[in-house]
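Please read the structure below before turning to the comments.
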Amino acid sequence: MLDRLTVTILAEDSVPYESPLLGQHGISLWIEAEREGSTRRLLVDVGQNSDALLHNVRELAIPLEKTDAVVITHCHYDHTKGLSRIVEAIGKGDLPVVAHPSLFRPHFVVEPFLQHVGVPFEDGAERLRAAGARLILAADPLPIMAGLTTSGEVPRRTDFESPGIDLYTVDEAGRLLSDPVADDLALFASVEGRGLVVVTGCSHAGIVNIVHRGLNLTGEEKVAALFGGFHLVESDDERIARTVSALRALSPDLVAAGHCTGFRAQAALYGAFGDAFTPLGAGRRFTVEA
Ligand SMILES: [Fe+2]
Ligand SMILES: [Fe+2]
């Protein structure tokens, strides 16, 4: 169990009022996990504009060189573009970079035109290794430290949560397949006296599926906080309503959702959770502790 978890939003689709920080379509979070007097630091995703990310890192005085590991939630370019530059900026020779084994697959949309939306060419596995990354690609939950683990592949159990976009891949035989974003990972923390904290990128596995996975995996019974994108931006009202009601049943203390959550879903979450909901924004910092 962790004694304290601090989540700082380094990059996001919006910036708060009067903020000098830069926004972008994408997300990046800085996680400080404290246990028994020592702190470990994780970078979760890197957005898609490393100039803006590094600007915010400087403004927020984030000690990027102290990054202990990077976690990539899924392949989308708005979470991975510039990763090799960021790994270089961290400047460690053997930096663990944790993701799913299918991270580097072909991954594309065909509307309005064929476009690869997965990890950009310039951030491929070889480039990352040359920049100092030690790739740890796991489909199973990967324990990062006591009280902190990745989700591994998230079982898709609800009947109302889909990845939210039509995506494709090709397999090794060249067959065209629909791509369910099986690489969608979240981070689960157990905080002493508070319960489960979920950090998610886009929640393509479904935020309700993800939270249930977190409760099962950690054995926690209480949900302390959810941070990240819920990818409801293109969802219909019914899916939003069912998601909000399933989350209400889980009674989280805090729902901090932005990026691909979408205004209508944010409004519905605010309606349901009141002050226990907050939109994200670059530079916002949250602490979860007993
Ligand atoms: Fe995203
Ligand atoms: Fe995504």
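So what is the 222 nm mean residue ellipticity for the chain from helices alone, if each DSSP H run of at least 4 adds -39500 (n - 2.57) and you divide by all residues, rounding to the nearest 500 deg cm²/dmol?
Working: 7 runs with 65 residues, N = 290.
Computed ellipticity for the chain at 222 nm equals -6500 deg cm²/dmol.
Identify, among Ile31, Thr243, Leu232, the residue whose Cα sits farthest towards the positive end of the charge dipole of the chain, taking +1 on the Cβ of Lys and Arg and -1 on the Cβ of Asp and Glu, with the dipole about the Cα centre.
Of the options given, the answer is Ile31.
Taking the Cα centre of the range 13-170 as origin, work out the dipole magnitude from +1 charges on Lys and Arg Cβ and -1 charges on Asp and Glu Cβ, in debye rounded to 20. If you can, show how the numbers build up before the last one.
Details: 14 positive and 22 negative charges, 91 e Å.
So the dipole magnitude of the range 13-170 works out to roughly 440 debye.
Please list, by residue number, every one of the trypsin sites (Lys or Arg not before Pro) in the range 150-250 that is coil in DSSP and has at most 16 other beta-carbon atoms within 10 Å. Can you show the working numbers first?
Numbers: sites: Arg156, Arg157, Arg175, Arg194, Arg213, Lys222, Arg239, Arg242, Arg248; in loops: Arg156, Arg157, Arg175, Arg194, Lys222.
Those satisfying the criteria are Arg157, Arg175, Lys222.
Over the Cα atoms of the chain, Rg to Rh with Kirkwood Rh, two decimal places? Mind showing how you got there, number by number?
Details: Rg = 17.6 Å, Rh = 18.8 Å.
With Rh from the inverse mean 1/r over Cα pairs, Rg/Rh is 0.94.
Read phi for every residue in the range 37-50 and hand back ³J(HN,Hα) as whole Hz from Karplus 6.51 cos²θ - 1.76 cosθ + 1.60, θ = phi - 60°, with x for Gly and Pro.
x, 10, 10, 10, 10, 10, 9, 10, 6, 10, x, 10, 10, 6
Report the Cα centroid-to-centroid distance between the range 226-290 and the range 1-34 in angstrom, as an integer.
One Cα centre to the other: 15 Å.
Could you work out how far apart the two model spin labels at Phe121 and Ala276 are, taking each label as a point 7 Å from the Cα in the direction of the beta carbon, and quote it in nm?
4.9 nm
If you keep only loop residues by DSSP, which GluC sites (Glu not before Pro) in the range 202-285 have at most 16 other Cβ atoms within 10 Å of their Cβ? Display every interim value, and only then the final one.
On the way: sites: Glu220, Glu221, Glu234, Glu238; in loops: Glu220, Glu221, Glu234.
Answer by residue number: Glu221, Glu234.
In the chain, what % of DSSP beta bridges are antiparallel (nearest 5)? Write out the running numbers ahead of the final one.
Details: 36 of 60 bridges.
About 60 percent, rounded to the nearest 5.
Placing +1 at every Lys and Arg Cβ and -1 at every Asp and Glu Cβ, with all other atoms neutral, what dipole size does the chain have around its Cα centre, in debye to the nearest 20? Walk me through the intermediate numbers first.
On the way: 25 positive and 39 negative charges, 80 e Å.
Rounded to the nearest 20 debye, it is 380 debye.
Amide H neighbours of Leu2 under 5 Å, counting only residues 5+ apart in sequence or on other chains, H built in-plane at 1.01 Å?
Counting only residues 5 or more places away or on other chains, the set is Ser190, Val191, Glu192.
Which cross-chain or sequence-distant (5 or more) residues have an amide H under 5 Å from the amide H of Gln24, H modelled 1.01 Å from N in plane?
Those lying under 5 Å, H to H, from Gln24 are Glu12, Asp13, Ser14.
Determine which lysines satisfy two conditions relative to Lys66: a Cα distance under 23 Å, and not lying fewer than 8 residues away in the same chain.
Answer for Lys66, where 23 Å is the Cα cut-off: Lys81, Lys92, listed by chain and number.
In the range 41-132, which chymotrypsin sites (Phe, Trp or Tyr not before Pro) fall in coil by DSSP and have 16 or fewer other Cβ atoms within 10 Å?
Working: sites: Tyr77, Phe104, Phe108, Phe113, Phe121; in loops: Phe104, Phe113.
For chymotrypsin sites (Phe, Trp or Tyr not before Pro) across the range 41-132 that sit outside H, G, I, E and B with at most 16 neighbouring Cβ atoms in 10 Å, the list reads Phe113.
How much accessible surface does Met145 have with a 1.4 Å probe, in Å² rounded to 10?
Here the accessible area works out near 40 Å².
Taking 7 Å along the Cα-to-C-beta vector as the label spot, tell me the Ala173-Asn216 distance in nanometres, rounded to one decimal.
According to this spin-label approximation, the distance is 2.9 nm.
Which stretch or stretches of the range 55-79 have amide N atoms under 20 Å from the point lying 7 Å from Thr6's Cα along the Cα→Cβ direction?
55-71
Viscosity 1.567 mPa s, temperature 4 °C: Stokes-Einstein D of the range 50-90 from its Kirkwood Cα radius, in µm² per second? Intermediate results must be reported in sequence, preceding the final value.
On the way: Rh = 10.9 Å.
Calculated translational D: 118 µm²/s.
Could you work out how far apart the two model spin labels at Glu111 and Tyr17 are, taking each label as a point 7 Å from the Cα in the direction of the beta carbon, and quote it in nm?
3.8 nm
Determine the relative contact order of the range 132-187: mean sequence separation of Cα pairs under 8 Å and six or more apart, normalised by residue count, in whole percent.
Working: 54 pairs, mean separation 18.1, N = 56.
After rounding, I find 32 percent.
Relative contact order (percent) for the range 226-290, with alpha-carbon contacts under 8 angstrom and 6 or more residues of separation?
Details: 74 pairs, mean separation 25.0, N = 65.
Computed over the range 226-290, the figure is 38 percent.
Might you report the magnitude of the Cβ-based charge dipole of the range 1-42 about its Cα centre, with Lys and Arg at +1 and Asp and Glu at -1, to the nearest 20 debye?
Working: 4 positive and 7 negative charges, 36 e Å.
Once rounded to the nearest 20, the dipole reads 180 debye.
HN-Hα J couplings of the range 78-84 from phi, Karplus 6.51/-1.76/1.60, θ = phi - 60°, integer Hz, Gly and Pro as x?
My calculation for the range 78-84 gives 7, 10, 10, 6, x, 4, 5 Hz in order.
Give the distance, in whole Å, between the Cα centre of the range 85-137 and the Cα centre of the range 172-223.
What the calculation gives is 20 Å, centre to centre.
The values are calculated or read from the model by the stated rules, or taken from the named source; none is laboratory data. Given the structure is predicted, the values throughout are model-derived calculations rather than measurements. When we count neighbours, we look across all protein chains shown, and the Cβ atoms used for this are built from the backbone with ideal geometry, even at glycine. What goes into the accessible areas is simple: the full protein's heavy atoms, side chains included, and nothing from ligands, DNA or RNA. Shrake-Rupley method; radii C 1.70, N 1.55, O 1.52, S 1.80 Å.
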